[in-house]
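Participant: So that we are looking at the same thing, I have put the structure below in structure tokens.
No value in this document is a laboratory result; all are computed from the given coordinates. Everything quoted here is computed from the prediction, not taken from an experiment. Virtual Cβ from ideal backbone geometry, glycine too; neighbours counted across all protein chains shown.
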Amino acid sequence: MAKKSKEEKAIAKLEKQIEELTQQLEEKEAENLESKDKHLRLYAEFENFRKRTNKERLELMSTAAESTLKSLLPVLDDFDRAKSSADNDESVEQFSEGVQLVYDKLKSNMATLGLVSMESTHEVFDPELHEAVTDIPAPTEDLKGKVIDTIEKGYKLNDKIIRYAKVVVGK
């Protein structure tokens, strides 16, 4: 009987060790799953950060020249007024070839950077694109609710409005 009890004790000891090892294995598996989950979440967070910073970088690059172009818009307006005055048949002023070349080069360089002027005259008034300075009675019925005159051109830079057109609207 003593032999049996020694065997039983040994078996009980082994069973206890197996139970402890099984418990340790389960704990390690849980830690492993938790580590994998943390890793996946961290990876996903990093991917989102990378995508967001790339998007912000692209937006910044596309509008990097915005402040410079905004500061040049009054110069472009003055050029446009001088050109329209020189193009008027009744005007004594003329646009010299050199000034015309400078004007064309300025416009083409600004267009290369993504600057586009918005056409407003005779378009339907849109508060998303236009800033109404005043409204006047429409000279014809078809001009009601439309832009009759553009006081200051609006401009877009890569599909983003950087200056709204100042217009006169027919009512």
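Participant: Can you list the HN-Hα couplings for region 93-102, worked out from phi with the Karplus curve (6.51, -1.76, 1.60; θ = phi - 60°), rounded to whole Hz and with x for Gly and Pro?
Facilitator: 6, 9, 8, 5, 4, x, 5, 4, 5, 4
Participant: Pairs on different chains or at least eight residues apart, Cα atoms closer than 15 Å: how many lysine pairs in region 66-170 fit?
Facilitator: So the count works out to 12.
Participant: Quick one: Karplus J couplings for region 110-126, per residue in order, coefficients 6.51, -1.76, 1.60, θ = phi - 60°, nearest Hz, x for Gly and Pro?
Facilitator: After applying 6.51 cos²θ - 1.76 cosθ + 1.60, I find 5, 5, 4, 7, x, 7, 10, 7, 9, 7, 10, 4, 6, 8, 5, 4, 10 Hz.
Participant: Which one, ALA10, ALA64, THR150, is farthest towards the positive end of the dipole of the chain when Lys and Arg carry +1 and Asp and Glu -1 on their Cβ?
Facilitator: It is ALA10.
Participant: What dipole magnitude, in Debye to the nearest 20, does region 66-170 give about its Cα centre under +1 on Lys/Arg Cβ and -1 on Asp/Glu Cβ?
Facilitator: 460
Participant: Which entry is the computed Cα Rg over 2.2 N^0.38 Å for this structure: [x] 1.37; [y] 2.40; [z] 1.23?
Facilitator: Identified label for the calculated read-out: [y].
Participant: Karplus couplings for region 127-141 from phi (6.51 cos²θ - 1.76 cosθ + 1.60, θ = phi - 60°), rounded to Hz, Gly and Pro as x?
Facilitator: Those phi angles translate into x, 6, 10, 10, 10, 6, 7, 7, 10, 10, x, 5, x, 10, 5 Hz.
Participant: Oh, and also: Counting other beta carbons within 10 Å of each residue's own, what order do LYS9, LYS107 fall into, fewest first?
Facilitator: LYS9, LYS107
Participant: Next question, about the same structure. Kindly express, to the nearest 10 degrees and within the range 0 to 90, the angle between helix 66-87's C-alpha long axis and the longest C-alpha principal axis of the chain.
Facilitator: 20
Participant: Okay, moving on. Provide the packing ranking of 89-99, 60-70, i.e. peptides ordered by the mean count of other C-beta atoms within 10 Å per residue, highest first.
Facilitator: Highest mean packing first, the order is 60-70, 89-99.
Participant: For region 1-62, compute the number of Lys pairs whose alpha carbons are separated by less than 19 Å, excluding pairs fewer than 8 positions apart on the same chain.
Facilitator: Total qualifying Lys-Lys pairs in region 1-62 comes to 7.
Participant: Multiply the residue gap between ASP87 and THR140 by 0.36 nm, knock off their C-alpha separation, and tell me the result in nm, one decimal place.
Facilitator: Extending this stretch completely gives an extra 16.4 nm.
Participant: Okay, moving on. Name the long-range amide H neighbours of MET118: under 5 Å, sequence gap of 5 or more, or other chain; modelled H, no Pro or chain starts.
Facilitator: GLY154, TYR155, LYS156
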